[in-house]
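The values are calculated or read from the model by the stated rules, or taken from the named source; none is laboratory data. Predicted model only: the values in this text are computed from it and were never measured. Note that we place each Cβ from the backbone using ideal geometry, even for glycine, and neighbour counts take in every protein chain shown. Each accessible area value is taken on the protein alone, full model and side chains, heavy atoms only, with ligands, DNA and RNA left out. Shrake-Rupley method; radii C 1.70, N 1.55, O 1.52, S 1.80 Å.
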Amino acid sequence: MPGTTLTIARSTIPHGTPVERAAAVVRFAGDANDGVLLVGTQFTYACAMVGNAVMTVPDPAAEIRAPAGALAGVTAFQCHFAGHAIHTPGDRLDLLVALNPSALRTYIGDLSPAGLLLVDSDRFVPDEWAKAGYVADPLQDAALQAFRVLAVPIRQLNREAVARVNLIPTEIERCKSFFVLGLSYWLFDRPPEPTFRWIRETYNKNPGLVEAHTRAFKAGWHHAETLGPGLQSRVGQRCLKSGKHRMINGATALALGFLAAARQSGLPMVYAGFPVAPASELLHLFTEWKQENIQVIQPEDDLAAANIALGAAFGGSLGVTATTSTGIALQADTLALAAISELPMVAVHVQRAGPSLGMPTRTEQADLLQAFYGRNGECPVVVLAQSSPSDGFRIAIEAVRLAVTRMTPVVVLTDTYLMSASEAWHVPSSSELPMVLAKQTKADPEHPLLPYSRDEHLARPWAIPGRAGLEHRTGGMEKEANTGAVSYDPANHEAMVALRARKIAKIAEKLPPLVVHGPKSGDVLIVAWGSVCGATHDAAERCRAAGLNVANIGLTHLSPLPADLVGVLRKYRRVLVPELNAGQLSKILRAEYLLDVVSLNKVQGQPFLVSEIEAKVRQLLGPC
Amino acid sequence: MSIPVLAMTASDFSSAQEVRWCPGCGDYSILSQLKQALASFGVRRENIVFVSGVGCASRLPHYINTFGFQGSYGRAPALATGVKLANPNLQVWVVMGDGDACSAGLTHLTHALRRNVDLKILLINNEVFGLSRGQQSPTSRVGTCSKTSPDGSVETPLRPVSIALAAEATFVARTVDVDVNHMSEIFEKAAMHRGSGFVEIYQNCKIFNDGVFEYATDAVIKTDSIIHLEHGRPILFGKDRNHALRLNGFEPEVVTLGQGITMDDILIHDERAAEPTLAFLLSRLVGPQFPECLGVFRNVRKPTHQQLLDAAFQQGDPPRAFESLLAGDESWTLA
Ligand code: SF4
């Protein structure tokens with residue numbers, strides 16, 4: 001029986017040839033138990049496996065256990081897929097699947113005017129409208145006339161589809177997501193075979209469930225064929241290169257990057273993380289992965305987490321921690337200690353909408369100034385920013401490289417959006433990963449250790465306990481140059497402040513040249529950092545495609561800023577800095593380079609739309 | 001494990017840093033006994049780490065020629081936990097003052113203890129903030145006159161030994177700065193203990209709280225005001241050792257032997273008791289109503305944090321290969 005379920009009969013109903021498109025954006029929305037995450041993930045794989053570029057983002061419910069049908073329980077999953085490189089999960093939706101009235105109410109504003117709206121008409125009954133705050137059937141509302149609405153009795157059709165299989169009611173309901181999937185696959189002409197395979201592998205112990213899910217899927221597919229002409233489209237173009245791929249979100253990429261750095265440096269790692277979303281994702285991953293060379297601990301608070309990481313660095317391990325929100329402020333204390341004791345620890349700071357608890361599930365970039373300046377005393381540290389989900393892998397390795405070669409704490413800035421957004425990633429072979437050279441000092445009887453002497457990078461020796469002859473004391477007190485003895489000498493303090501600053505600044509000398517996309521000089525340069533790099537790049541591409549003289553760069557090294565940055569900035573008439581804050585990088589660029597950059601700020605807890613950045617560029621360029 | 005070496009002396013543990021405590025400070029005696037004790041353990045200097053926070057007591061690591069790390073206020077137990085996770089073979093000592101340990105550091109202290117991290121934690125208690133110049137501390141007893149309590153402290157003090165016991169510490173002891181033999185004995189026991197060893201040291205702050213522990217240090221007075229706990233022995237005290245402790249229901253009471261009270265009525269100290277109930281009761285004895293206890297309150301063997309982590313690591317599935325984690329569970333290959 002299962003053997004026969006792996007194919008689908010192509011219909012003879014005339015519905016026209018699929019419209020070819022360059023890209024499309026789909027969002028599945030409903031209650032948490034409507035399986036929207038599963039549907040979205042399957043749909044994404046179906047696109048990625050044909051070689052489309054994909055980028056996704058989940059939108060989790062505001063409440064963990066909201067009542068069924070409530071606005072607070074609406075969960076969504078968005079997938080952007082294209083035949084060309086893309087860097088955002090998409091602005092406007094080409095298809096919104098709203099499985100209940102609350103989902104419709106929450107997201108209808110994001111549907112493109114030419115978009116399709118698919119609803120489960122069985123859920124549009126007075127009780128359910130009321131939960132969404134509607135007083136009349138929203139499907140009859142004139143506002144929906146603008147869209148093509150597919151009102152499908154999904155619950156009913158699904159029940160009929162699986163009626164012949166002996167299932168309990170919850171199992172029947174669960175098959176509904178595969179009806180939705182079948183329908184959506186048909187709309188975008190996705191190959192169903194990988195999903196059939198997935199069903200078989202997932203329910204391999206239960207042939208009844210294999211059959212039911214497959215039937216539900218096929219019923220959805222065939223129902224779509226009856227909905228009328230002109231509905232089907234296809235994103236056919238292959239974009240991904242050959243080789244092994246996986247979907248990866250920002251959190252996983254960072255965690256894998258740290259794992260790779262530990263492996264490539266031969267150093268053991270201690271990961272200390274207090275559970276606070278979304279930073280806790282790293283804690284979960286390291287716990288789940290349990291590796292020989294990684295000790296994981298869930299400490300009592302974010303200060304303990306940072307101190308454990310720092311103590312581990314003193315003890316000779318890579319010390320890594322991650323936090324978010326108010327925890328970032330707490331860890332400032334430990335970062336200052338790491339900076340003056342000059343020890344290699346990495347703190348991943350996941351920015352979410354603040355201040356204080358702010359909007360805990362929403363994204364923001366408002367902790368940049370804190371990463372730059374937010375410690376007591378003159379205290380520069382290295383600050384890096386993750387610029388896309390998969391970029392976390394590279395950034396984590398770079399953070400460890402700088403920490404252990406320069407003996408400094410490194411802050412990695414990322415944000416809520418990047419942590420959960422996913423994209424297809426070309427899996428690197430472990431043999432092509434860069435080596436991370438960490439040199440821990442060996443005792444030399446000829447030359448007694450000077451714990452605060454300097455190498456060519458101005459880094460001090462990493463002299464770890466357990467090695468005879470390297471005994472020394474360090475900590476939060478000012479050090480005498482070379483000896484590291486506690487010193488209150490005024491001139492020494494000034495010299496040490498300057499030396500620690502120079503050590504960080506010197507990193508800029510060795511950074512690779514900035515990659516400028518677009519013209520090397522001209523009208524507008526957009527400077528982005530962190531998660532805004534994605535939307536910026538796509539906006540700049542659109543401008544260039546429209547013949548505008550617009551270039552863009554994405555900064556991953558923020559402190560120190562790349563040495564060639566100022567030269568690049570000066571080659572353009574206007575410099576635009578879009579940020580999800582009130583203008584923090586702008587402030588730094590103005591202060592560093594006396595350049596009158598233009599800020600584009602958004603502080604709504606939401607990422608930029610590509611169109612918002614594009615509109616700002618066009619405004620800067622003035623009427624053509 | 002650490003490799004023993006022959007004959008080290010206390011001076012082998014002196015660092016080049018000039019010692020800077022006030023003349024007459026109890027910390028001198030603690031430092032000197034500690035160096036004596038370290039010399040006697042035979043653990044090599046490079047395998048020893050001292051970690052501290054902020055305060056007069058927290059300067060101590062700078063004066064000992066081992067590895068040392070002075071961190072921020074109260075965070076030493078967390079720093080030390082990190083050191084220990086990085087290298088479980090090190091002997092790690094944590095030095096905290098009462099302000100450091102019982103204000104900012106209370107969270108970290110109690111969590112290091114409950115995890116049974118193999119740390120030797122010395123809480124040097126002088127019941128006052130010294131380095132910040134004489135403010136009341138969380139252990140100042142009611143009525144203590146200080147810069148921030150000129151009319152006498154009104155807040156109820158914390159009792160560090162009670163806290164350590166409540167935090168499930170596996171080794172808990174108390175000693176006093178001037179009793180050098182007792183201090184060495186306790187340091188040695190703490191060092192031998194596998195797991196969190198917690199030692200409260202009554203220390204005299206000559207400048208801001210002079211004489212607050214006189215009842216425990218004055219040769220004449222202390223015989224009646226101090227109990228030296230001995231494992232397996234009845235709890236007796238006094239010049240003639242005829243005063244004793246017995247339980248009246250859940251209440252301790254001081255009795256005098258004779259007049260119908262025999263040794264059978266007297267509480268026997270059991271530092272190895274699985275439940276620290278009696279140890280807690282002893283930690284609640286405070287003068288002048290009661291004599292105060294010195295010695296080992298609790299000394300039980302439980303797996304250390306590292307042993308538990310290692311055991312957990314052995315459970316369940318073996319670790320996945322790096323390459324398999326890189327590829328994840330749902331990779332696909334494009335031709
Ligand atoms: S202030 Fe008190 S505790 Fe501090 S060094 Fe002076 S005497 Fe010792």
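Per-structure values
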| item | result |
| --- | --- |
| Gain in span if fully extended, residue A:37 to residue A:590, counting 0.36 nm per residue against the direct Cα distance | 194.8 nm |
| Sum of -39500 (n - 2.57) over DSSP H runs of 4+, divided by residues of the protein assembly as shown (222 nm, nearest 500) | -9500 deg cm²/dmol |
| The range A:522-621, dipole about Cα centre (Lys/Arg Cβ +1, Asp/Glu Cβ -1), debye to the nearest 20 | 220 debye |
| Shape category assigned to the range A:19-235 from the gyration tensor of Cα positions, a/c cut at 1.5 | rounded |
| Antiparallel DSSP beta bridges within the range B:103-251, percent to nearest 5 | 35 percent |
| Cα-based radius of gyration of the range A:246-432 once divided by 2.2 N^0.38 Å, which approximates compact folds | 0.92 |
| Centroid-to-centroid separation of the range A:486-527 and the range B:288-335 [C-alpha atoms, Å] | 40 Å |
| Contact order normalised by residue count of chain A, Cα under 8 Å, 6+ apart, percent | 12 percent |
| Straight-distance crosslink candidates among aspartates and glutamates, where the alpha carbon sits under 17 Å from residue A:616 and sequence neighbours closer than 8 are dropped | A:91, A:523, A:538, A:541, A:579, A:596 |
| Minimum 50 Å² accessible area buried by the other protein chains, the range B:50-66 residues, probe 1.4 Å, relative to alone | B:62 |
| Label-point separation, residue A:457 to residue A:145 (7 Å along Cα→Cβ), nm | 6.7 nm |
| Alpha-carbon centroid distance for the pair the range A:106-184 / the range A:238-270, whole angstrom | 38 Å |
| Residue A:430 - accessible surface, heavy atoms, 1.4 Å probe, Å² rounded to 10 | 20 Å² |
| Average beta-carbon neighbours from other chains, 10 Å sphere, peptide A:284-296 | 3 |
| Largest-first ordering by accessible area, 1.4 Å probe, given options A:241, B:239 | B:239, A:241 |
| Label zone at residue A:517, where the point sits 7 Å out along the Cα-to-Cβ direction: the range A:592-616 residues whose backbone N lies under 18 Å | A:600, A:607-616 |
| Candidates B:103, B:324, B:15: whichever shows maximal mean-square fluctuation once chain B is modelled as a Gaussian network with Cα springs under 10 Å | B:324 |
| For the range A:408-545, convex hull volume per residue from C-alpha positions, Å³ | 225 Å³ |
| Sparse-neighbour loop sites [chymotrypsin sites (Phe, Trp or Tyr not before Pro); the range B:238-316; at most 16 other C-beta within 10 Å; DSSP] | B:250 |
| Sites matching trypsin sites (Lys or Arg not before Pro) across the range B:116-171 that sit in DSSP coil, with at most 11 neighbouring C-beta atoms within 10 Å | B:133 |
| Neighbour cut-off at most 12 other Cβ (10 Å), DSSP loop, GluC sites (Glu not before Pro), the range A:271-359 | A:292 |
| Relative contact order for the range B:98-143, counting Cα pairs under 8 Å that sit 6 or more residues apart, in percent | 48 percent |
| Whole-number percent relative contact order across chain B, with pairs defined as alpha carbons under 8 Å at least 6 apart | 14 percent |
| Evaluated at q = 0.14, 0.25 Å⁻¹: base-10 log I(q)/I(0), Debye formula over Cα of the range A:439-510 | -0.48, -1.18 |
| Other-chain or far-sequence residues with amide H under 5 Å of residue A:84's (modelled H) | A:53 |
| Exposure rank, largest accessible area first [B:317, B:27; 1.4 Å] | B:317, B:27 |
| In Å², nearest 10: area of residue A:263 left accessible to a 1.4 Å probe | 90 Å² |
| Shielding of B:235-245 by partner chains, average beta-carbon count, 10 Å | 0 |
| Candidate residues B:46, A:20, A:612: accessible-area rank, largest first, probe 1.4 Å | A:20, A:612, B:46 |
| Fraction of the pair-distance distribution of chain B above 26 Å, Cα-Cα pairs, percent | 51 percent |
| Beta bridges per DSSP with both ends in the range A:19-235, % antiparallel, nearest 5 | 50 percent |
| Bins of 20 Å from zero: percent of alpha-carbon pairs in chain A | 18, 47, 28, 7, 0 |
| Choice from B:11, B:184, B:29 showing the highest fluctuation, given a GNM over chain B with Cα pairs closer than 10 Å | B:11 |
| Solvent-accessible area per residue, Å², over the range A:419-527 with all protein chains present [probe radius 1.4 Å] | 49 Å² |
| Cα-based convex hull, the range B:1-158, per residue volume (Å³, whole number) | 106 Å³ |
